[in-house]
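Below is one structure, written out as C-alpha cells; comments come after it.
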Amino acid sequence: MTLAALALVLGSAAVHALWNALLADADDTYATTAVMLVSGVLLFAPAAALTWDVEGEAIPFVLASGALELVYFGLLATAYARADLTFVYPVARGSAPVVVLVVSVVVLGAGISGWQAAGVLAVAAGVVLVRGIGPGRGSDLALALCVGACIAGYTLVDDHGLRHASPIGYLALVLLIAAVPYAAVVGPAAMRRAATPRAVLAGAGMFGAYTLALAALELAEAAPVAALRETGVVMAAVGAAVLGRAPVPAARVAGAVVVVAGAAAIALG
C-alpha cells in the first residue's frame with residue numbers, strides 16, 4: 001500500500017469516527033440523525049449528478065440497501081441515546097465483518113481461513129472487554145449488535161448493487177430512500193432544533209469518510225483498505241478517553257484494540 005493510500009484510508013477512518021462522535025454527543029440523537037441524513041443527501045447530490053451511472057439492474061439493490069440503512073440509522077440513534085460512543089462503536093463496527101463472514105460461509109458457501117477464524121474469536125473477546133464482565137448492559141449490547149448486523153446487511157447488498165452503478169450515485173439514492181421517511185417521522189420542528197453546525201458537520205463527515213474510502217480503493221486492494229478502516233474504532237476510543245467528558249475504562253480501550261485486530265484478520269484472511 002502506498003503512503004497516499006494509507007493516508008486516505010486512515011483519514012476515512014478518522015472522519016468516520018468523528019461523525020459518530022458528533023452524533024453520540026448530541027442532545028437529541030434522533031433529530032440530529034435526520035439533519036445529518038438530509039445534509040448528506042444534499043452534499044452527495046452534485047457529485048452524484050456529475051458521475052451519474054446507475055443501471056436499472058441496480059434499483060432492487062438500492063431499495064434493499066435503503067431499507068437497511070433506514071433501520072441502521074434508527075438503531076444507531078437509539079443506541080447512542082442509551083449508551084456512549086466507546087461502547088456502541090466498537091461492538092457495531094467490529095461485529096459487522098463477523099456477520100458478513102458467517103453469511104458468506106453459511107449462505108454463499110465461501111471458505112474460511114485460519115486467520116479469519118482467529119479474527120472471529122478476537123472480535124468476540126474484544127466485545128466482552130468493551131461490555132465488561134458481569135451482569136447488566138445486555139440490552140445495550142444487543143442493540144449495538146443489531147447495528148452491526150445492519151452494517152453487514154447493506155455491505156452484502158451493496159457489494160452486488162455497485163456492480164451496476166457508480167458509487168456516489170448509488171449511495172446518493174440509498175441515502176435519499178433512508179432520509180425521506182426518517183425525516184418525515186422525526187418532523188420539521190425537531191429537525192429545526194437539531195439543525196446545528198455540529199449536525200451538519202456530521203453529515204459532511206459521512207460524505208467525506210465515504211469519499212476518502214473510495215479514493216483509497218482507487219489506489220489499493222479492498223482487503224487492506226477494509227482492515228485499516230477499522231482503526232477508527234481505536235481512534236474513537238482513544239479520543240473519548242483523552243477528550244471525553246466522562247472517563248473511559250482502560251479495558252474498553254483495550255477491547256477496541258482487540259476488535260480492530262480481529263476485524264483486520266477477517267479482512268486480510
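The values are calculated or read from the model by the stated rules, or taken from the named source; none is laboratory data. This one's a predicted model, so the numbers in the text were calculated from it and none came from an experiment. Quick reminder, even Gly has a Cβ in these numbers, built from the backbone with ideal geometry, and neighbours come from all protein chains shown.
Odds and ends about this structure:
- V130 within 21 Å of V238 (Cβ to Cβ), surrounded by 15 or more Cβ atoms within 10 Å (Cβ to Cβ), touching a residue at least 24 places away in the same chain (Cβ under 8 Å) and in contact with a Lys or Arg (Cβ under 6 Å, 6 or more places away or on another chain): yes
- Checking each residue in region 52-77 for being assigned to a helix (DSSP H, G or I) and more than 15 Å from the chain's Cα centre (by Cα) picks out G56, E57, A58, I59, P60, F61, V62, L63, A64, A67.
- The condition of being on the phi < 0 side of the Ramachandran plot, at pLDDT below 90 and within 12 Å of the chain's Cα centre (by Cα) holds for only one of G111, G94, that being G94.
- Of all residues in region 1-37 being of a type in the set (S, T, Y), modelled with pLDDT of 90 or more and farther than 18 Å from R93 by Cβ, the one that is surrounded by the fewest Cβ atoms within 10 Å (Cβ to Cβ): Y30
- Number of residues in region 16-43 that are more than 17 Å from the chain's Cα centre (by Cα) and either of a type in the set (D, E) or not in a helix (DSSP H, G or I) (or both): the value is 3.
- Residues that are out of contact with any strand residue (DSSP E or B) (no Cβ under 9 Å at 6 or more places or on another chain), of a type in the set (D, E) and more than 14 Å from A195 (Cβ to Cβ) within region 2-53 comprise just one, D25.
- Selection status of R82, buried (at least 24 other Cβ atoms within 10 Å of the Cβ) and among the basic types (K, R): no
- Here T196 does not fit the description of being under 20 Å from the mean Cα position of the chain (by Cα) and either of a type in the set (D, E) or under 26 Å from L18 (Cβ atoms) (or both).
- Of the residues screened, V98 is not one that is surrounded by fewer than 22 Cβ atoms within 10 Å (Cβ to Cβ) and either part of a helix (DSSP H, G or I) or of a type in the set (K, R) (or both).
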